[in-house]
Amino acid sequence: MAAQWPEIERAEREKRRELVLQGVDERIRQADGRLPPEIFSLSLLNYLEVSGCGELRDVPDELGRLSHLQSLILCRNRLRILPGSLAQLRSLRVLDVSGNELEALPPEVGALTDLCTLNASQNHIQELPSGLERCTKLATLNLSRNKLTAIRTELLSAQLPLLATISASDNLIQQLPGEIALLSGLKSLDLSNNQLTEIPYELSDCTKLKEINFKGNKLKDKRLEKMVNGCQTKSILEYLRVGGRGSGKGKVAQEAAAKEDAKDKKKKKQQRQRKDSAEDKDDEEEDVNKMMLRILHISENPVPLTVSVTPTVKDVRPYIVCCVVKGMNLRPGNALKRFLTAQTKLHDDLCDKRTLATIATHDLQLVKGPLLYDARPPKEFKIVPLNRKEINAKELVRQLQFEAEEQRKQKKRQNVSGLHKYLRLLDGKENYPCLVDAENEVISFPPITNSDKTKITKTTQALLLEVTSATSLQVCKDVMDALIMKMAELNKFTLENKEEDIGSDSEHQEGSRPLNPAANQNAATEGGSQLVLEQVRVVDKEGSLKVLYPSKTDLSLSSSSFVVVR
(Lines give C-alpha, C1' and ligand atoms only; values in the text may rest on other atoms or scores of the structure.)
Protein backbone atom coordinates (compact mmCIF):
# COMPACT_ATOMS: atom_id res chain seq x y z
CA MET A 1 0.00 0.00 0.00
CA ALA A 2 2.78 2.44 0.93
CA ALA A 3 4.30 2.31 -2.56
CA GLN A 4 0.97 2.77 -4.32
CA TRP A 5 -0.57 5.28 -1.93
CA PRO A 6 2.30 7.29 -0.35
CA GLU A 7 -0.11 10.10 0.58
CA ILE A 8 -2.08 7.75 2.84
CA GLU A 9 1.04 6.22 4.37
CA ARG A 10 2.40 9.68 5.10
CA ALA A 11 -0.86 10.90 6.61
CA GLU A 12 -0.89 7.87 8.92
CA ARG A 13 2.77 8.22 9.88
CA GLU A 14 2.59 11.97 10.58
CA LYS A 15 -0.92 11.84 12.07
CA ARG A 16 -2.12 14.39 9.54
CA ARG A 17 -5.58 15.85 9.63
CA GLU A 18 -5.83 16.50 5.89
CA LEU A 19 -5.69 14.15 2.91
CA VAL A 20 -6.00 15.26 -0.73
CA LEU A 21 -6.15 12.77 -3.63
CA GLN A 22 -6.60 14.40 -7.03
CA GLY A 23 -6.60 12.72 -10.44
CA VAL A 24 -5.53 9.28 -9.20
CA ASP A 25 -7.50 7.37 -11.86
CA GLU A 26 -4.78 4.88 -12.68
CA ARG A 27 -4.32 3.81 -9.07
CA ILE A 28 -8.09 3.52 -8.53
CA ARG A 29 -8.35 1.44 -11.70
CA GLN A 30 -5.69 -0.91 -10.34
CA ALA A 31 -7.71 -1.16 -7.13
CA ASP A 32 -10.80 -2.34 -9.07
CA GLY A 33 -12.44 1.08 -8.95
CA ARG A 34 -12.32 1.31 -5.16
CA LEU A 35 -10.72 3.63 -2.71
CA PRO A 36 -8.05 1.94 -0.56
CA PRO A 37 -9.59 0.82 2.76
CA GLU A 38 -6.60 2.29 4.64
CA ILE A 39 -8.12 5.76 4.12
CA PHE A 40 -10.91 4.95 6.53
CA SER A 41 -8.45 4.11 9.31
CA LEU A 42 -7.17 7.72 9.39
CA SER A 43 -9.39 8.62 12.32
CA LEU A 44 -7.78 12.06 12.84
CA LEU A 45 -8.79 13.41 9.42
CA ASN A 46 -10.89 16.57 9.44
CA TYR A 47 -10.43 17.32 5.71
CA LEU A 48 -10.71 14.69 2.97
CA GLU A 49 -10.68 15.46 -0.74
CA VAL A 50 -10.91 12.87 -3.52
CA SER A 51 -11.53 14.73 -6.77
CA GLY A 52 -11.08 14.51 -10.53
CA CYS A 53 -11.26 10.70 -10.61
CA GLY A 54 -13.32 9.42 -13.54
CA GLU A 55 -12.92 5.84 -12.35
CA LEU A 56 -14.51 6.47 -8.95
CA ARG A 57 -18.17 5.47 -8.96
CA ASP A 58 -18.98 4.78 -5.29
CA VAL A 59 -17.72 5.36 -1.77
CA PRO A 60 -17.94 2.49 0.75
CA ASP A 61 -19.85 2.53 4.03
CA GLU A 62 -16.51 2.67 5.86
CA LEU A 63 -16.66 6.42 5.24
CA GLY A 64 -18.67 6.67 8.46
CA ARG A 65 -15.57 5.75 10.46
CA LEU A 66 -14.07 9.20 9.79
CA SER A 67 -16.09 10.76 12.58
CA HIS A 68 -13.90 13.88 12.89
CA LEU A 69 -14.37 15.01 9.28
CA GLN A 70 -15.34 18.67 8.94
CA SER A 71 -14.89 18.95 5.16
CA LEU A 72 -15.62 16.21 2.62
CA ILE A 73 -14.80 17.10 -1.00
CA LEU A 74 -15.84 14.46 -3.57
CA CYS A 75 -16.17 16.66 -6.66
CA ARG A 76 -15.60 15.86 -10.36
CA ASN A 77 -15.76 12.08 -10.04
CA ARG A 78 -18.40 9.69 -11.42
CA LEU A 79 -20.22 8.90 -8.21
CA ARG A 80 -23.72 7.52 -8.68
CA ILE A 81 -24.64 7.05 -5.04
CA LEU A 82 -23.53 8.23 -1.60
CA PRO A 83 -23.42 5.81 1.35
CA GLY A 84 -25.96 6.00 4.17
CA SER A 85 -23.05 6.04 6.63
CA LEU A 86 -22.74 9.72 5.74
CA ALA A 87 -25.08 10.26 8.70
CA GLN A 88 -22.26 9.29 11.07
CA LEU A 89 -20.16 12.32 10.08
CA ARG A 90 -21.80 14.51 12.71
CA SER A 91 -18.98 17.12 12.66
CA LEU A 92 -19.24 17.71 8.91
CA ARG A 93 -19.52 21.39 7.94
CA VAL A 94 -18.73 21.29 4.21
CA LEU A 95 -19.98 18.65 1.75
CA ASP A 96 -19.05 19.08 -1.92
CA VAL A 97 -20.27 16.35 -4.29
CA SER A 98 -20.50 18.57 -7.38
CA GLY A 99 -19.72 17.30 -10.88
CA ASN A 100 -20.76 13.65 -10.38
CA GLU A 101 -23.57 11.43 -11.70
CA LEU A 102 -25.80 11.42 -8.62
CA GLU A 103 -29.51 11.00 -9.23
CA ALA A 104 -30.39 11.65 -5.59
CA LEU A 105 -28.97 12.75 -2.29
CA PRO A 106 -29.43 10.23 0.54
CA PRO A 107 -31.94 11.21 3.26
CA GLU A 108 -29.08 10.73 5.76
CA VAL A 109 -27.81 14.20 4.73
CA GLY A 110 -30.51 15.54 7.05
CA ALA A 111 -28.60 14.09 10.02
CA LEU A 112 -25.64 16.43 9.40
CA THR A 113 -26.79 19.08 11.86
CA ASP A 114 -23.50 21.05 11.71
CA LEU A 115 -23.53 21.30 7.90
CA CYS A 116 -22.91 24.88 6.68
CA THR A 117 -22.22 24.35 2.95
CA LEU A 118 -23.78 21.79 0.61
CA ASN A 119 -22.68 21.78 -3.04
CA ALA A 120 -24.45 19.19 -5.17
CA SER A 121 -24.31 21.09 -8.47
CA GLN A 122 -23.72 19.45 -11.88
CA ASN A 123 -25.39 16.11 -11.16
CA HIS A 124 -28.63 14.41 -12.30
CA ILE A 125 -30.66 14.99 -9.13
CA GLN A 126 -34.41 15.01 -9.78
CA GLU A 127 -35.74 15.45 -6.25
CA LEU A 128 -34.36 16.66 -2.94
CA PRO A 129 -34.52 14.32 0.05
CA SER A 130 -36.72 15.05 3.04
CA GLY A 131 -35.07 16.15 6.27
CA LEU A 132 -32.76 18.87 4.92
CA GLU A 133 -34.56 21.34 7.18
CA ARG A 134 -32.83 19.61 10.10
CA CYS A 135 -29.51 21.05 8.91
CA THR A 136 -30.21 24.20 10.92
CA LYS A 137 -26.73 25.70 10.37
CA LEU A 138 -26.94 25.50 6.58
CA ALA A 139 -25.76 28.77 5.03
CA THR A 140 -24.99 27.92 1.37
CA LEU A 141 -26.92 25.51 -0.88
CA ASN A 142 -25.83 24.95 -4.49
CA LEU A 143 -28.09 22.74 -6.64
CA SER A 144 -27.37 24.28 -10.04
CA ARG A 145 -27.33 22.21 -13.24
CA ASN A 146 -29.45 19.28 -12.09
CA LYS A 147 -32.90 17.99 -13.10
CA LEU A 148 -34.99 19.34 -10.24
CA THR A 149 -38.63 20.04 -11.06
CA ALA A 150 -39.53 21.55 -7.69
CA ILE A 151 -38.12 22.89 -4.44
CA ARG A 152 -39.53 21.05 -1.45
CA THR A 153 -41.55 23.38 0.79
CA GLU A 154 -39.95 21.71 3.83
CA LEU A 155 -36.63 23.22 2.73
CA LEU A 156 -38.17 26.70 2.81
CA SER A 157 -38.43 26.59 6.56
CA ALA A 158 -38.04 28.99 9.48
CA GLN A 159 -35.76 26.28 10.91
CA LEU A 160 -33.05 27.49 8.48
CA PRO A 161 -32.45 31.08 9.66
CA LEU A 162 -28.81 31.05 8.46
CA LEU A 163 -29.53 29.96 4.88
CA ALA A 164 -28.18 32.95 2.96
CA THR A 165 -27.42 31.60 -0.54
CA ILE A 166 -29.50 29.32 -2.77
CA SER A 167 -28.23 28.53 -6.27
CA ALA A 168 -30.59 26.35 -8.33
CA SER A 169 -30.02 27.61 -11.85
CA ASP A 170 -30.30 25.40 -14.97
CA ASN A 171 -32.94 23.01 -13.61
CA LEU A 172 -36.58 22.26 -14.55
CA ILE A 173 -38.21 24.04 -11.61
CA GLN A 174 -41.77 25.14 -12.46
CA GLN A 175 -42.83 26.92 -9.28
CA LEU A 176 -41.26 28.83 -6.40
CA PRO A 177 -43.43 28.33 -3.28
CA GLY A 178 -44.51 31.35 -1.27
CA GLU A 179 -42.87 29.75 1.78
CA ILE A 180 -39.64 31.28 0.48
CA ALA A 181 -40.52 34.20 2.79
CA LEU A 182 -39.75 31.97 5.80
CA LEU A 183 -36.02 32.10 4.99
CA SER A 184 -35.29 35.16 7.10
CA GLY A 185 -31.55 35.14 6.33
CA LEU A 186 -31.80 34.77 2.54
CA LYS A 187 -29.44 37.18 0.73
CA SER A 188 -28.87 35.60 -2.69
CA LEU A 189 -31.26 33.54 -4.85
CA ASP A 190 -30.40 32.22 -8.32
CA LEU A 191 -33.19 30.42 -10.21
CA SER A 192 -32.10 31.40 -13.71
CA ASN A 193 -32.81 29.10 -16.67
CA ASN A 194 -35.71 27.18 -15.16
CA GLN A 195 -39.41 26.88 -16.17
CA LEU A 196 -40.97 29.46 -13.85
CA THR A 197 -43.94 31.44 -15.14
CA GLU A 198 -44.56 33.48 -11.98
CA ILE A 199 -42.62 34.89 -9.05
CA PRO A 200 -44.49 34.81 -5.71
CA TYR A 201 -45.17 38.20 -4.14
CA GLU A 202 -44.02 36.71 -0.79
CA LEU A 203 -40.43 37.00 -2.07
CA SER A 204 -40.61 40.69 -1.19
CA ASP A 205 -40.84 39.69 2.49
CA CYS A 206 -37.24 38.43 2.41
CA THR A 207 -35.87 41.63 3.93
CA LYS A 208 -32.17 40.72 3.58
CA LEU A 209 -32.39 39.72 -0.07
CA LYS A 210 -29.79 41.61 -2.12
CA GLU A 211 -29.21 39.49 -5.23
CA ILE A 212 -31.79 37.62 -7.33
CA ASN A 213 -31.53 36.06 -10.77
CA PHE A 214 -34.58 34.82 -12.68
CA LYS A 215 -33.18 35.21 -16.20
CA GLY A 216 -34.08 32.50 -18.69
CA ASN A 217 -37.61 31.90 -17.31
CA LYS A 218 -40.73 32.57 -19.40
CA LEU A 219 -42.69 34.79 -17.04
CA LYS A 220 -46.30 35.68 -17.81
CA ASP A 221 -45.81 39.23 -16.62
CA LYS A 222 -43.77 40.83 -19.43
CA ARG A 223 -43.05 43.94 -17.41
CA LEU A 224 -41.61 41.80 -14.63
CA GLU A 225 -39.67 39.78 -17.19
CA LYS A 226 -38.09 42.99 -18.47
CA MET A 227 -37.03 43.89 -14.92
CA VAL A 228 -35.60 40.40 -14.47
CA ASN A 229 -33.53 40.65 -17.63
CA GLY A 230 -32.25 44.00 -16.43
CA CYS A 231 -31.16 42.51 -13.06
CA GLN A 232 -33.16 45.20 -11.21
CA THR A 233 -33.35 43.43 -7.84
CA LYS A 234 -34.67 46.40 -5.90
CA SER A 235 -37.26 47.25 -8.55
CA ILE A 236 -38.45 43.64 -8.76
CA LEU A 237 -38.97 43.36 -5.02
CA GLU A 238 -40.76 46.70 -4.88
CA TYR A 239 -42.98 45.65 -7.80
CA LEU A 240 -43.94 42.47 -5.98
CA ARG A 241 -44.43 44.32 -2.70
CA VAL A 242 -47.01 46.77 -4.07
CA GLY A 243 -49.07 44.09 -5.80
CA GLY A 244 -47.50 43.68 -9.20
CA ARG A 245 -48.46 40.75 -11.37
CA GLY A 246 -45.80 38.45 -9.98
CA SER A 247 -48.40 35.90 -8.92
CA GLY A 248 -52.13 35.30 -9.00
CA LYS A 249 -52.66 36.79 -5.57
CA GLY A 250 -50.69 39.89 -6.48
CA LYS A 251 -52.82 40.36 -9.57
CA VAL A 252 -56.07 40.05 -7.61
CA ALA A 253 -54.76 42.60 -5.13
CA GLN A 254 -53.97 44.95 -7.99
CA GLU A 255 -57.45 44.59 -9.54
CA ALA A 256 -59.12 45.14 -6.17
CA ALA A 257 -57.02 48.23 -5.58
CA ALA A 258 -58.15 49.64 -8.95
CA LYS A 259 -61.79 49.71 -7.72
CA GLU A 260 -61.05 51.85 -4.70
CA ASP A 261 -61.74 55.56 -4.82
CA ALA A 262 -58.93 58.11 -4.90
CA LYS A 263 -59.22 58.94 -1.21
CA ASP A 264 -58.70 55.35 -0.06
CA LYS A 265 -55.80 54.98 -2.47
CA LYS A 266 -54.09 58.03 -1.06
CA LYS A 267 -54.67 56.89 2.52
CA LYS A 268 -53.28 53.40 1.88
CA LYS A 269 -50.31 54.84 0.03
CA GLN A 270 -49.49 57.07 2.99
CA GLN A 271 -49.82 54.15 5.40
CA ARG A 272 -47.56 52.04 3.21
CA GLN A 273 -44.98 54.79 3.00
CA ARG A 274 -44.98 55.20 6.78
CA LYS A 275 -44.61 51.45 7.22
CA ASP A 276 -41.79 51.21 4.67
CA SER A 277 -40.09 54.19 6.27
CA ALA A 278 -40.30 52.52 9.69
CA GLU A 279 -38.95 49.24 8.25
CA ASP A 280 -36.11 51.07 6.50
CA LYS A 281 -35.31 52.85 9.77
CA ASP A 282 -35.28 49.52 11.64
CA ASP A 283 -32.98 48.04 8.99
CA GLU A 284 -30.70 51.06 9.19
CA GLU A 285 -30.57 50.83 12.99
CA GLU A 286 -29.83 47.11 12.77
CA ASP A 287 -26.97 47.72 10.33
CA VAL A 288 -25.65 50.63 12.39
CA ASN A 289 -25.40 48.31 15.38
CA LYS A 290 -23.26 45.93 13.36
CA MET A 291 -19.64 46.21 12.33
CA MET A 292 -19.39 46.28 8.54
CA LEU A 293 -16.78 44.04 6.95
CA ARG A 294 -16.17 45.18 3.37
CA ILE A 295 -14.10 42.89 1.19
CA LEU A 296 -11.80 44.63 -1.28
CA HIS A 297 -11.21 42.25 -4.17
CA ILE A 298 -7.85 41.80 -5.85
CA SER A 299 -9.19 43.45 -9.02
CA GLU A 300 -10.18 46.55 -7.03
CA ASN A 301 -6.86 46.89 -5.21
CA PRO A 302 -4.14 48.82 -7.10
CA VAL A 303 -1.37 47.30 -4.95
CA PRO A 304 -2.52 43.87 -3.71
CA LEU A 305 -0.17 41.89 -1.50
CA THR A 306 1.05 38.49 -2.73
CA VAL A 307 2.74 35.65 -0.85
CA SER A 308 4.85 33.10 -2.77
CA VAL A 309 5.37 29.66 -1.26
CA THR A 310 8.48 27.54 -1.86
CA PRO A 311 8.35 23.73 -2.13
CA THR A 312 10.60 23.41 0.95
CA VAL A 313 7.75 24.25 3.35
CA LYS A 314 5.87 21.13 2.30
CA ASP A 315 7.62 18.90 4.83
CA VAL A 316 7.67 21.49 7.61
CA ARG A 317 4.58 23.70 7.79
CA PRO A 318 2.89 23.73 4.38
CA TYR A 319 -0.23 25.85 4.91
CA ILE A 320 -0.49 29.63 5.09
CA VAL A 321 -3.40 32.08 4.76
CA CYS A 322 -3.03 35.87 4.88
CA CYS A 323 -5.35 38.88 4.89
CA VAL A 324 -4.99 42.66 5.21
CA VAL A 325 -7.37 44.46 7.60
CA LYS A 326 -7.82 48.23 7.63
CA GLY A 327 -9.93 50.34 9.98
CA MET A 328 -9.07 48.58 13.26
CA ASN A 329 -8.79 51.27 15.94
CA LEU A 330 -6.19 50.13 18.50
CA ARG A 331 -5.47 53.56 19.96
CA PRO A 332 -8.18 54.20 22.61
CA GLY A 333 -7.89 52.86 26.16
CA ASN A 334 -7.18 49.14 26.37
CA ALA A 335 -8.10 48.37 22.74
CA LEU A 336 -4.65 46.99 21.87
CA LYS A 337 -4.44 44.96 25.06
CA ARG A 338 -7.89 43.44 24.42
CA PHE A 339 -6.84 42.49 20.90
CA LEU A 340 -3.62 40.81 22.07
CA THR A 341 -5.52 38.98 24.82
CA ALA A 342 -8.06 37.72 22.26
CA GLN A 343 -5.21 36.51 20.03
CA THR A 344 -3.68 34.60 22.96
CA LYS A 345 -7.05 33.01 23.76
CA LEU A 346 -7.43 31.88 20.14
CA HIS A 347 -3.94 30.35 20.33
CA ASP A 348 -4.90 28.42 23.46
CA ASP A 349 -8.37 27.32 22.37
CA LEU A 350 -9.03 27.13 18.63
CA CYS A 351 -5.33 26.66 17.77
CA ASP A 352 -4.97 24.05 20.54
CA LYS A 353 -1.85 25.63 22.11
CA ARG A 354 -0.49 26.41 18.60
CA THR A 355 -0.38 22.70 17.72
CA LEU A 356 -3.03 23.17 15.00
CA ALA A 357 -2.18 26.69 13.83
CA THR A 358 -0.29 29.86 14.74
CA ILE A 359 -1.39 33.48 14.33
CA ALA A 360 0.96 36.38 13.58
CA THR A 361 -0.02 40.04 13.19
CA HIS A 362 2.05 42.75 11.51
CA ASP A 363 1.87 46.50 10.97
CA LEU A 364 1.28 46.61 7.20
CA GLN A 365 3.08 49.93 6.89
CA LEU A 366 6.28 48.20 8.03
CA VAL A 367 5.89 45.21 5.69
CA LYS A 368 7.66 45.36 2.33
CA GLY A 369 6.00 43.06 -0.18
CA PRO A 370 5.85 40.82 -2.06
CA LEU A 371 6.42 38.18 0.61
CA LEU A 372 8.02 34.73 0.48
CA TYR A 373 6.97 31.82 2.69
CA ASP A 374 10.01 29.57 2.92
CA ALA A 375 11.70 26.88 5.01
CA ARG A 376 15.41 27.35 5.66
CA PRO A 377 18.17 25.78 7.77
CA PRO A 378 18.02 27.49 11.19
CA LYS A 379 21.63 28.66 10.90
CA GLU A 380 20.89 30.52 7.67
CA PHE A 381 18.28 33.07 8.72
CA LYS A 382 18.07 35.72 11.40
CA ILE A 383 15.10 37.41 13.05
CA VAL A 384 14.57 40.17 15.59
CA PRO A 385 12.14 38.41 17.99
CA LEU A 386 9.61 40.48 19.90
CA ASN A 387 11.43 42.47 22.58
CA ARG A 388 14.79 40.79 21.82
CA LYS A 389 17.91 41.50 19.76
CA GLU A 390 18.60 40.05 16.31
CA ILE A 391 19.63 36.41 16.42
CA ASN A 392 19.70 33.44 14.05
CA ALA A 393 16.95 30.87 14.44
CA LYS A 394 19.19 28.10 15.75
CA GLU A 395 20.63 30.31 18.50
CA LEU A 396 17.15 31.60 19.39
CA VAL A 397 15.82 28.07 19.86
CA ARG A 398 18.91 27.10 21.87
CA GLN A 399 18.51 30.21 24.02
CA LEU A 400 14.84 29.49 24.62
CA GLN A 401 15.62 25.88 25.53
CA PHE A 402 18.16 27.08 28.09
CA GLU A 403 15.65 29.56 29.53
CA ALA A 404 13.04 26.82 29.72
CA GLU A 405 15.39 24.56 31.69
CA GLU A 406 16.25 27.40 34.07
CA GLN A 407 12.55 28.14 34.50
CA ARG A 408 11.83 24.54 35.43
CA LYS A 409 14.60 24.56 38.04
CA GLN A 410 13.53 27.85 39.60
CA LYS A 411 9.81 27.11 39.76
CA LYS A 412 10.23 23.36 40.30
CA ARG A 413 7.55 22.60 37.72
CA GLN A 414 7.22 20.22 34.83
CA ASN A 415 5.52 22.73 32.54
CA VAL A 416 6.96 25.95 31.13
CA SER A 417 5.30 29.16 29.97
CA GLY A 418 5.76 31.78 27.28
CA LEU A 419 7.46 30.95 23.99
CA HIS A 420 9.24 28.00 25.60
CA LYS A 421 6.20 25.73 25.51
CA TYR A 422 6.13 25.81 21.67
CA LEU A 423 9.72 24.64 21.13
CA ARG A 424 8.65 20.99 20.91
CA LEU A 425 6.75 21.79 17.71
CA LEU A 426 10.14 22.16 15.96
CA ASP A 427 11.58 18.86 17.19
CA GLY A 428 13.17 16.84 14.41
CA LYS A 429 12.87 19.60 11.78
CA GLU A 430 15.93 20.17 9.58
CA ASN A 431 14.45 23.41 8.24
CA TYR A 432 12.38 26.04 10.02
CA PRO A 433 9.49 27.95 8.42
CA CYS A 434 9.79 31.70 7.95
CA LEU A 435 7.96 34.56 6.21
CA VAL A 436 10.40 36.83 4.37
CA ASP A 437 9.84 40.33 2.95
CA ALA A 438 11.12 41.84 -0.31
CA GLU A 439 14.38 42.87 1.39
CA ASN A 440 15.04 39.31 2.64
CA GLU A 441 14.13 40.31 6.20
CA VAL A 442 12.41 37.57 8.20
CA ILE A 443 9.20 39.03 9.65
CA SER A 444 7.78 35.79 11.06
CA PHE A 445 9.15 32.53 12.46
CA PRO A 446 6.10 30.32 13.17
CA PRO A 447 5.17 28.86 15.56
CA ILE A 448 7.67 30.74 17.76
CA THR A 449 7.55 34.51 17.13
CA ASN A 450 7.10 37.31 14.65
CA SER A 451 9.55 40.14 14.15
CA ASP A 452 9.88 43.11 16.45
CA LYS A 453 10.35 45.20 13.29
CA THR A 454 6.75 44.72 12.14
CA LYS A 455 5.00 44.52 15.51
CA ILE A 456 1.67 46.28 15.90
CA THR A 457 1.23 49.26 18.22
CA LYS A 458 -1.51 51.71 19.07
CA THR A 459 -0.69 53.76 15.97
CA THR A 460 -1.13 50.79 13.63
CA GLN A 461 -3.91 51.54 11.14
CA ALA A 462 -3.57 48.55 8.78
CA LEU A 463 -2.72 44.99 9.84
CA LEU A 464 -1.37 42.02 7.95
CA LEU A 465 -2.83 38.86 9.47
CA GLU A 466 -0.99 35.58 8.98
CA VAL A 467 -2.13 32.08 9.97
CA THR A 468 0.10 29.04 9.36
CA SER A 469 -0.49 25.37 10.05
CA ALA A 470 1.07 21.95 9.62
CA THR A 471 -2.42 20.41 9.77
CA SER A 472 -4.62 21.69 6.95
CA LEU A 473 -5.59 24.68 4.87
CA GLN A 474 -9.12 24.56 6.30
CA VAL A 475 -7.73 24.96 9.81
CA CYS A 476 -5.95 28.14 8.68
CA LYS A 477 -9.20 29.49 7.22
CA ASP A 478 -11.23 28.60 10.31
CA VAL A 479 -8.74 30.37 12.56
CA MET A 480 -8.62 33.41 10.26
CA ASP A 481 -12.45 33.57 10.21
CA ALA A 482 -12.51 33.47 14.01
CA LEU A 483 -9.77 36.12 14.30
CA ILE A 484 -11.57 38.55 11.99
CA MET A 485 -14.90 37.99 13.75
CA LYS A 486 -13.22 38.74 17.06
CA MET A 487 -11.64 41.90 15.58
CA ALA A 488 -15.07 43.08 14.44
CA GLU A 489 -16.50 42.51 17.93
CA LEU A 490 -13.59 44.30 19.60
CA ASN A 491 -13.74 47.27 17.22
CA LYS A 492 -17.48 47.56 17.85
CA PHE A 493 -16.86 47.47 21.61
CA THR A 494 -14.19 50.18 21.31
CA LEU A 495 -16.48 52.45 19.30
CA GLU A 496 -19.43 52.01 21.66
CA ASN A 497 -17.45 52.61 24.86
CA LYS A 498 -15.59 55.70 23.59
CA GLU A 499 -12.52 55.17 25.73
CA GLU A 500 -9.97 57.95 26.08
CA ASP A 501 -6.75 57.80 24.08
CA ILE A 502 -3.67 56.58 25.93
CA GLY A 503 -0.36 58.05 24.88
CA SER A 504 1.80 54.98 25.48
CA ASP A 505 1.52 51.31 24.71
CA SER A 506 4.63 50.20 26.55
CA GLU A 507 2.59 48.02 28.88
CA HIS A 508 1.83 45.59 26.02
CA GLN A 509 4.00 42.84 24.65
CA GLU A 510 4.15 44.71 21.35
CA GLY A 511 6.60 47.16 22.93
CA SER A 512 6.49 50.95 22.85
CA ARG A 513 6.76 53.46 20.05
CA PRO A 514 6.33 57.26 20.18
CA LEU A 515 2.83 58.20 19.12
CA ASN A 516 2.28 60.45 16.14
CA PRO A 517 -0.54 62.93 16.94
CA ALA A 518 -1.37 63.48 13.27
CA ALA A 519 -1.58 59.74 12.68
CA ASN A 520 -3.86 59.38 15.69
CA GLN A 521 -6.20 62.03 14.38
CA ASN A 522 -6.40 60.25 11.03
CA ALA A 523 -7.10 56.94 12.73
CA ALA A 524 -9.97 58.47 14.67
CA THR A 525 -11.62 59.83 11.57
CA GLU A 526 -11.00 56.83 9.31
CA GLY A 527 -11.98 54.04 11.74
CA GLY A 528 -15.75 54.46 11.62
CA SER A 529 -17.92 51.35 11.88
CA GLN A 530 -16.28 49.49 9.01
CA LEU A 531 -13.34 47.15 8.62
CA VAL A 532 -11.95 46.75 5.10
CA LEU A 533 -10.53 43.31 4.28
CA GLU A 534 -8.10 43.21 1.37
CA GLN A 535 -7.73 39.85 -0.36
CA VAL A 536 -4.24 38.32 -0.31
CA ARG A 537 -3.16 35.73 -2.89
CA VAL A 538 -0.89 32.84 -1.92
CA VAL A 539 0.82 31.35 -4.99
CA ASP A 540 3.45 28.72 -5.73
CA LYS A 541 6.81 29.50 -7.32
CA GLU A 542 5.26 29.27 -10.81
CA GLY A 543 2.60 31.83 -9.86
CA SER A 544 -0.30 29.36 -9.76
CA LEU A 545 -2.91 30.22 -7.14
CA LYS A 546 -2.89 28.10 -3.96
CA VAL A 547 -5.35 30.09 -1.88
CA LEU A 548 -7.13 33.45 -1.95
CA TYR A 549 -8.51 34.86 1.30
CA PRO A 550 -11.20 35.90 1.93
CA SER A 551 -12.94 34.03 -0.90
CA LYS A 552 -16.69 33.75 -1.49
CA THR A 553 -16.94 30.78 0.87
CA ASP A 554 -15.04 32.42 3.74
CA LEU A 555 -16.65 34.40 6.55
CA SER A 556 -20.01 32.80 5.78
CA LEU A 557 -20.99 32.27 9.42
CA SER A 558 -23.79 34.39 10.82
CA SER A 559 -23.00 36.86 13.61
CA SER A 560 -24.85 39.56 15.49
CA SER A 561 -21.67 41.63 15.51
CA PHE A 562 -20.95 42.15 11.81
CA VAL A 563 -22.29 42.05 8.29
CA VAL A 564 -20.09 41.15 5.31
CA VAL A 565 -20.29 43.30 2.16
CA ARG A 566 -18.76 41.36 -0.74
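Checked against the criterion of being in contact with a Phe, Trp or Tyr (Cβ under 9 Å, 6 or more places away or on another chain) and buried (at least 20 other Cβ atoms within 10 Å of the Cβ), the candidates Leu224, Leu186, Leu203, Leu156 yield just one match: Leu224. Screening Glu430 against (1) at pLDDT 90 or above; (2) in contact with an Asp or Glu (Cβ under 8 Å, 6 or more places away or on another chain) leaves a single unmet condition, (2). For segment 121-131, indicate whether the set of residues that are among the acidic types (Asp, Glu), in contact with a Leu (Cβ under 8 Å, 6 or more places away or on another chain) and at pLDDT 90 or above is non-empty. Within segment 121-131, one or more residues are among the acidic types (Asp, Glu), in contact with a Leu (Cβ under 8 Å, 6 or more places away or on another chain) and at pLDDT 90 or above.
If you go through segment 39-79 and keep only what is of a type in the set (Asp, Glu) and under 20 Å from the mean Cα position of the chain (by Cα), you end up with just Glu49. Of all residues in segment 161-173 being among the polar types (S, T, N, Q) and in contact with a strand residue (DSSP E or B) (Cβ under 8 Å, 6 or more places away or on another chain), which is farthest from Leu112 (Cα to Cα)? For segment 161-173, the residue satisfying everything is Ser169. Of the residues making up segment 314-332, those that are modelled with pLDDT of 95 or more and of a type in the set (A, V, I, L, M, F, W, C) are Ile320, Val321, Cys322, Cys323, Val324, Val325. Considered as a group, the residues in segment 483-496 that are surrounded by fewer than 20 Cβ atoms within 10 Å (Cβ to Cβ) and over 11 Å from Asn329 (Cα atoms) include one that is nearest to the chain's Cα centre (by Cα), and that residue is Met485. Considering segment 422-467, the residues that are out of contact with any helix residue (DSSP H, G or I) (no Cβ under 7 Å at 6 or more places or on another chain) and in a strand (DSSP E or B) include one that is surrounded by the fewest Cβ atoms within 10 Å (Cβ to Cβ), namely Val436. Scanning segment 461-476 for residues that are within 26 Å of Gly327 (Cβ to Cβ) and β-branched (Val, Ile, Thr), we see that the one that is farthest from the chain's Cα centre (by Cα) is Thr468. Only one entry of Glu179, Glu198 meets the criterion of being closer than 30 Å to Lys269 by Cβ, part of a loop (DSSP other than H, G, I, E, B), in the same structural domain as Ser91 (by TED's automatic domain parsing) and at pLDDT 90 or above, and that entry is Glu198.
Taken as a whole, the condition of being out of contact with any Phe, Trp or Tyr (no Cβ under 6 Å at 6 or more places or on another chain), modelled with pLDDT of 65 or more and of a type in the set (Asp, Glu) does not apply to Asp280. Ala158 meets all of the listed conditions (1) at pLDDT 90 or above; (2) under 22 Å from Thr113 (Cβ atoms) but one, namely (1). Taken as a whole, the condition of being over 16 Å from Val109 (Cβ atoms), among the basic types (Lys, Arg) and under 27 Å from the mean Cα position of the chain (by Cα) applies to Arg17.
Take the conditions (1) modelled with pLDDT under 85; (2) out of contact with any Pro (no Cβ under 9 Å at 6 or more places or on another chain); (3) surrounded by 18 or more Cβ atoms within 10 Å (Cβ to Cβ); Thr361 misses just one of them, which is (1).
Answer with yes or no whether Gly543 is loosely packed, with under 14 Cβ neighbours inside 10 Å, at pLDDT below 85, not assigned by TED's automatic domain parsing to the domain that holds Leu141 and not in a helix (DSSP H, G or I). No: the conditions fail for Gly543. Please enumerate the residues belonging to segment 460-490 that are among the polar types (S, T, N, Q) and touching a strand residue (DSSP E or B) at 6+ places or on another chain (Cβ under 6 Å). Listed by number, the residues that qualify are Thr460, Thr468, Ser469, Ser472, Gln474.
The values are calculated or read from the model by the stated rules, or taken from the named source; none is laboratory data. Only a predicted model underlies this, so the values are computations on that prediction, with no experimental measurement involved. Because the Cβ atoms are built from the backbone with ideal geometry, glycine has one as well, and the counts that use them run over all protein chains shown.
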